[in-house]
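Note sheet for the following structure.
The values are calculated or read from the model by the stated rules, or taken from the named source; none is laboratory data. In this text the structure is predicted, and so the values were computed from the model without any measurement. Every residue, glycine as well, gets a Cβ built from its backbone with ideal geometry; the counts of neighbours run over all protein chains shown. Heavy atoms of the whole protein, side chains included, go into the accessibility calculation; ligands, DNA and RNA do not. Shrake-Rupley method; radii C 1.70, N 1.55, O 1.52, S 1.80 Å.
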Amino acid sequence: MKLNFSGLRALVTGAGKGIGRDTVKALHASGAKVVAVTRTNSDLVSLAKECPGIEPVCVDLSDWEATEKALGGIGPVDLLVNNAGVALMQPFIESTKEIFDRSFNVNVRAVLQVSQMVAKGMINRGVPGSIVNISSMVAYVTYPGLATYCSTKGALTMLTKAMAMELGPHKIRVNSVNPTVVLTDMGKKVSANSEFARKLKERHPLRKFAEVEDVVNSILFLLSDSSASTTGSGILVDAGYLAS
Ligand code: NDP
């Protein structure tokens, strides 16, 4: 999707791999200045070679204080993509406090924290903005072994709506993108059983999973003025799964 984000500064979390990395590349190619936030420094080094001029920030977003320190003085941001996430597989009956806390800290709490920092800056500058939260179709349907992960994405649906309601009067829009399986590192891990993956794919009306590019296109649309009247909403990139 060719959109022009020249003159705007974007912040993307989970920028090192998968959907976040391609989102940075697409925003960079569309003229935005991009702050790329992730946990593994070598990913930022290689990304900066591909996208000269990006601003790399290396931080573990599950650490509230470290995130405050790394992003507290981040300066003006117009577009925010809360993409960082972890999908830690555990049957419900074996779910642990550690996995629960880590999952909610990255997938939900960091979204609240980073969005707060960015939205305060937008409000103080009196400028409009757009925030996109990368959720999942499992905000609406369950997935085996992912009770905690599904719960984080369900929580993100309501956080997205609450943020949209409170930030709307400041002309800040907040939406989500909700993909089915995308074969990134994370997607390969959660669909590693080939027989399960084959059956799951067959349940999708389009008989396929989603491509990274499909997700990135929806992110760019929601960031852009092409979706100027859309907030508190979500785009399913699910190959029809929820219709099946
Ligand atoms: P990947 O695992 O491929 O990439 C995730 C990125 O987020 C990595 O760069 C990772 O860094 C970073 N990240 C994870 N935890 C932290 C943290 N604590 N602090 C900073 N950065 C962190 O995942 P995807 O690209 O597949 O997923 C992106 C988003 O899309 C997630 O929110 C996910 O839940 C969602 N999604 C993915 C689907 C899929 O099938 N792939 C389906 C539906 C939704 P590092 O590797 O260094 O930890």
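Just to be sure I understand the rule: take each whole DSSP H helix in the chain, project its Cα atoms onto its long axis, keep it if the span is 18 Å or more and its mean Kyte-Doolittle hydropathy is at least 0.0. Which ones pass?
The qualifying helices are 110-125, 147-167.
Going by amide H atoms built from the backbone, whose H comes under 5 Å of the H on Leu236, apart from near neighbours?
Here the answer is Asn178, since their amide H atoms fall under 5 Å of that of Leu236.
Counting Lys +1, Arg +1, Asp -1, Glu -1, what net charge surrounds Val141 among other residues with beta carbon under 11 Å of its beta carbon?
On the way: positive: Lys153, Arg203; negative: Asp238.
Spelling it out: positives minus negatives among the neighbours equals +1.
Can you give the local net charge around Pro179? Use residues other than it whose beta-carbon is closer than 9 angstrom to its beta-carbon, Lys and Arg +1, Asp and Glu -1.
Numbers: positive: none; negative: Asp214, Asp238.
Charge balance in the 9 Å sphere: -2.
Given the DSSP H assignment, sum -39500 (n - 2.57) over each helix run of at least 4 residues in the chain and divide by its residue total; what's the result at 222 nm in deg cm²/dmol, nearest 500? Kindly include the intermediate steps, with their values, before the conclusion.
Numbers: 9 runs with 102 residues, N = 244.
It lands at -13000 deg cm²/dmol.
Name the trypsin sites (Lys or Arg not before Pro) in the stretch 190-227 that are in a loop by DSSP and that have at most 11 other C-beta atoms within 10 Å, would you?
Arg207
Amide H to amide H under 5 Å from Arg173: which residues, 5+ apart in sequence or cross-chain, H placed 1.01 Å off N in plane?
Correct list: Gly129, Ser130, Ile131.
Any idea what the dipole of the chain comes to, in debye rounded to 20, about its Cα centre with Lys/Arg Cβ at +1 and Asp/Glu Cβ at -1? Let's see the in-between values first.
Details: 26 positive and 21 negative charges, 65 e Å.
Using Cβ point charges on Lys, Arg, Asp and Glu, the chain gives about 320 debye.
Using alpha carbons only, how many angstrom separate the centre of the stretch 118-173 from the centre of the stretch 19-80?
19
Which whole-number value in Å² is the accessible area per residue of the chain, probe 1.4 Å? The partial results should precede the final answer.
Working: 11320 Å² over 244 residues.
Counting only protein heavy atoms, the per-residue value for the chain is 46 Å².
Please turn the phi angles of the stretch 130-141 into ³J(HN,Hα) values with the Karplus equation 6.51 cos²θ - 1.76 cosθ + 1.60 (θ = phi - 60°), one per residue in order, whole Hz, x for glycine and proline.
Going residue by residue, I get 9, 10, 10, 9, 8, 9, 5, 5, 6, 5, 10, 10 Hz, with x marking Gly and Pro.
Among Val37, Val215, Val108, flag the residue with its Cα farthest along the positive direction of the charge dipole of the chain, charges on Cβ as +1 for Lys/Arg and -1 for Asp/Glu.
So the residue furthest toward the plus end is Val215.
Find which of Trp64, Asn124, Ile134 sits farthest along the positive direction of the dipole of the stretch 37-150, computed with +1 on the beta-carbon of Lys and Arg, -1 on that of Asp and Glu, about the Cα centre.
Of Trp64, Asn124, Ile134, it is Asn124.
At a 1.4 Å probe radius, carbon and sulfur cover how many percent of the accessible area of the chain?
Its accessible area is 56 percent carbon and sulfur atoms.
Would you work out the charge dipole size for the stretch 70-203 about its Cα centre, treating the Cβ of every Lys and Arg as +1 and the Cβ of every Asp and Glu as -1, and quote it to the nearest 20 debye?
So the magnitude is around 220 debye.
List the residues, sorted by chain then number, that are 5 or more residues from Val181 or on another chain and whose placed amide H is less than 5 Å from its amide H.
Under 5 Å from the amide H of Val181: Ala210.
Among Leu206, Ser233, Cys150, whose Cα lies farthest out toward the positive end of the dipole of the stretch 124-244, if unit charges sit on the beta carbon of Lys, Arg (+1) and Asp, Glu (-1)?
So the residue furthest toward the plus end is Cys150.
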